[in-house]
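Data block below; observations after.
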Protein chains: 2
Amino acid sequence: MRIALIASPFISVPPKRYGGTELFIAQLADGLTRLGIDVVVYTNGESRVNAEIRWLYAKDDWPIEGELYASLKDLNHTSWAINDCWREVDIIHLNNAPGLVFSRMCGPRMLYTLHHPHLPTLTSFYAGFPNVEYVSISNFQKEREPLNRIRTIHHGIDLAQYPLQTEKAEYLSFLGRIAPAKGVHSAIEIAKRSGIPLKIGGEVQPLFRDYFDTQIKPHIDGKFIEYIGEADLAMKNELLGKSMAMLFPIEWDEPFGLVLVEAMATGTPVIAFPGGSVAEIVQGGISGFVCSGVEDAVAHVRTVRAIDPASVRAYTQENFSVERMVGDYLALYLEMFGEATLVGDNSARRQAAA
Amino acid sequence: MRIALIASPFISVPPKRYGGTELFIAQLADGLTRLGIDVVVYTNGESRVNAEIRWLYAKDDWPIEGELYASLKDLNHTSWAINDCWREVDIIHLNNAPGLVFSRMCGPRMLYTLHHPHLPTLTSFYAGFPNVEYVSISNFQKEREPLNRIRTIHHGIDLAQYPLQTEKAEYLSFLGRIAPAKGVHSAIEIAKRSGIPLKIGGEVQPLFRDYFDTQIKPHIDGKFIEYIGEADLAMKNELLGKSMAMLFPIEWDEPFGLVLVEAMATGTPVIAFPGGSVAEIVQGGISGFVCSGVEDAVAHVRTVRAIDPASVRAYTQENFSVERMVGDYLALYLEMFGEATLVGDNSARRQAAA
């Protein structure tokens, strides 16, 4: 069985910096290769992943220049990739929308992972391609996409990169973009009302500079409220792993909150607000608490030390490891491959010809 | 030989109001049908054209709601259309960009008419599809598109709808959007300096309301400078056909100025500024004059009556009739069909199978 993973051409796999979808593709490609599956990744020429890569565009190109430019470049790359792999793979795993249109034509079975937040425009576009196997990254997301063939496969992370830390220090952590929807202001309020210091990591985007300057910066004193800037893997492990709890007082419906899993992997429970995928990731009393607001969060900060870091880690290992994710995708590929063989489409024809 | 003409899904063929590309497609489909060619037009369900129509979207949808919405809808419609006609036509004639990506796959030969002004982003996109036969609508446009397979086919109009009027009255005409790039202000200046009245027809777009209010409206007195609003076919024939000359003091590089041909069809010469396709359409001393500026235009207003309306009409009939345009496209289709048969691609296979 040969699988084509198609990324967009803008960001390398894995990403040098920003790029959740590209990190996902790198982990999936690597995991499948380890299991002996034949994988080709269509990406740009700067990618370095443990699988064959093919590319039309040599270089990263992010942020994008403009809508028309980006949509034509993505369409060009994707159609090139599909034409290139059409006659030689069994399954095409898409991660960007334009490739879906090729599902109308007789070729390999297609799978599409929904990486974007819900948009009615995208939803009605998806509905035009009922032969595609859709994968939502949370059940929250799945419920908003009325598609016939859709199932949830939660993302997973490489837990080896996030070692368990059993000794927690007396501070709370926050990690994420410094943006209103991420609730940094609520994190500060929870810290102040709990009397527990807060360390904040994450990027200040130009778009939210004013938010940072007026809502966040005035609270930063370098002692009780500390801002450590953007965090690489080592800093993440330090920031999250040593904290008694990570705060996630989100104000939007994020399809999948990867940072929740990163914190939980280090054995740190999460004190979160509901929204999007939160309730599917944060298991109350086991990996943290989903709280109704600031007051509820403050109450849970007081009791959070009752949760054993080792059991947070174990829960995460069981549910959000990259191995579990790769296994789920492989099972889906095999199911699709079996169906394809039964109905006599591309794979079956190739096998017959072999 | 069966030809698929693919329009975008947003505007019906022919257009009810705005839509140069859709008017072109309607005329081409009608002309080909008259010549006994088998034509299918992919458009929306409101279209009424003298050929088979097929559609995915029932209704007009203009102006478009947003970039993402429009690009996905266009991609969906176009890929559906191409898949639908893939196995049954000899040539696919595209008029919108996304369909080009299917030229990578083995199927019918493709032709693409460039309806858009030059954009570097589009140019580099086109260059990725060297098997497509490109048609520019002026040589001016062709020179800006470095493509291997490109030729110019000028647009044509149905001259029966624009009867020759040999009696001209003592006024100048202007027809076009009331926008700075169209040079309405220069038309007024030419009229004033010539001492010849001017009648202006055309839509005031919300975007250029300020231009109309400050640069144009103060000059309108209903006698020497008259504004007649938007013009339908009968009004166009009246406005253009009776005027001693149409002014076209353009300030941008329009790929093809259809209004020039409309005026010339009625036997009215054009006094134009250079830019884009103007010099290819306005033949100096025969169908009007291309002038260097307002002063030069004023000089030519004085001599323009020396041009015989019947010879303006004859020149237009010879060069810009819909029959000439349809004939040129048919010649190209036949050339492509011949090549396809020789190289043994889709058409040849279908013939062999028949």
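The values are calculated or read from the model by the stated rules, or taken from the named source; none is laboratory data. Just so it is clear, the model here is predicted, and its values are computed rather than measured. All Cβ positions, even for glycine, are placed from backbone atoms using ideal geometry, and neighbour counts span all protein chains on display. Accessible surface is based on the protein model in full, side chains and every heavy atom, while ligands, DNA and RNA are left aside. Shrake-Rupley method; radii C 1.70, N 1.55, O 1.52, S 1.80 Å.
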Q. Do any residues in segment B:87-114 that are in contact (Cβ under 8 Å) with a residue 24 or more places away in the chain have Cβ atoms under 7 Å from those of residues that are open to solvent by 10 Å² or more (accessible area, probe 1.4 Å) and of a type in the set (Lys, Arg), where the two are at least six apart or on different chains, and which pairs are they?
A. B:88/B:2; B:89/B:2; B:90/B:2; B:91/B:109
Q) Are any residues in segment A:1-13 more than 12 Å from residue A:42 (Cα to Cα) and either within 15 Å of the chain's Cα centre (by Cα) or open to solvent by 40 Å² or more (accessible area, probe 1.4 Å) (or both), and if so, which ones? A) A:1
Q. Could we say that residue A:309 is at pLDDT 95 or above and touching a strand residue (DSSP E or B) at 6+ places or on another chain (Cβ under 9 Å) here?
A. no
**Q.** Selection from segment B:1-51 of residues that are touching a Ser or Thr at 6+ places or on another chain (Cβ under 9 Å) and assigned to a strand (DSSP E or B)
**A.** B:5, B:6, B:39, B:41, B:42, B:43
Q.
So, residue A:171, is that one in contact with a Ser or Thr (Cβ under 8 Å, 6 or more places away or on another chain), aromatic (Phe, Trp, Tyr), open to solvent by 10 Å² or more (accessible area, probe 1.4 Å) and at pLDDT 95 or above or not?
A. yes
Q: Name the one entry in A:187, A:234, A:169, A:179 that is over 28 Å from residue A:63 (Cβ atoms) and either within 24 Å of the chain's Cα centre (by Cα) or of a type in the set (A, V, I, L, M) (or both).
A: A:169
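Yes or no, residue by residue, for (1) closer than 25 Å to residue B:333 by Cα; (2) touching a helix residue (DSSP H, G or I) at 6+ places or on another chain (Cβ under 8 Å):
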{"residue": "B:1", "(1), (2)": "yes, yes"}
{"residue": "B:29", "(1), (2)": "yes, no"}
{"residue": "B:54", "(1), (2)": "yes, yes"}
{"residue": "B:58", "(1), (2)": "no, no"}
Q: Among what's in segment B:100-117 and is farther than 18 Å from residue B:148 by Cα and over 20 Å from the mean Cα position of the chain (by Cα), pick the residue that is modelled with the highest pLDDT.
A: B:102
Q | From the options A:195, A:183, A:229, A:241, residue that is over 30 Å from residue A:119 (Cα atoms) and in contact (Cβ under 8 Å) with a residue 60 or more places away in the chain | A | A:241
(Q) Restricting to segment B:39-51, and then to whatever is buried (at least 18 other Cβ atoms within 10 Å of the Cβ) and among the small types (Gly, Ala, Ser), can you tell me which residue is farthest from the other protein chains (Cβ to nearest Cβ)? (A) B:51
Q: Take residue B:288 and decide whether it is of a type outside the set (Phe, Trp, Tyr), at positive phi and open to solvent by 10 Å² or more (accessible area, probe 1.4 Å).
A: no
Q) Does residue B:64 fit the bill of being of a type in the set (Val, Ile, Thr), open to solvent by 10 Å² or more (accessible area, probe 1.4 Å), more than 21 Å from residue B:27 (Cβ to Cβ) and in contact (Cβ under 8 Å) with a residue 40 or more places away in the chain? A) yes
Q | Test result for residue B:28, under 19 Å from residue B:159 (Cα atoms), touching a Phe, Trp or Tyr at 6+ places or on another chain (Cβ under 7 Å) and surrounded by 18 or more Cβ atoms within 10 Å (Cβ to Cβ) | A | yes
Q.
Take the conditions of a type outside the set (Asp, Glu) and in contact with a helix residue (DSSP H, G or I) (Cβ under 9 Å, 6 or more places away or on another chain) and apply them to residue B:246. Does it pass?
A. yes
Q) Conditions: (1) away from chain A (no Cβ under 14 Å); (2) open to solvent by 40 Å² or more (accessible area, probe 1.4 Å); (3) of a type in the set (D, E, K, R). Residue B:22 meets all but one. Number of the miss? A) (2)
Q: Quick one: residue A:106 ticks every box in (1) closer than 25 Å to residue A:136 by Cα; (2) crowded, with 19+ Cβ neighbours inside 10 Å except a single one, so which number is it?
A: (2)
Q) In segment A:297-331, what residues are of a type in the set (Val, Ile, Thr) and crowded, with 16+ Cβ neighbours inside 10 Å? A) A:298, A:301, A:304, A:307, A:312, A:316, A:322, A:326
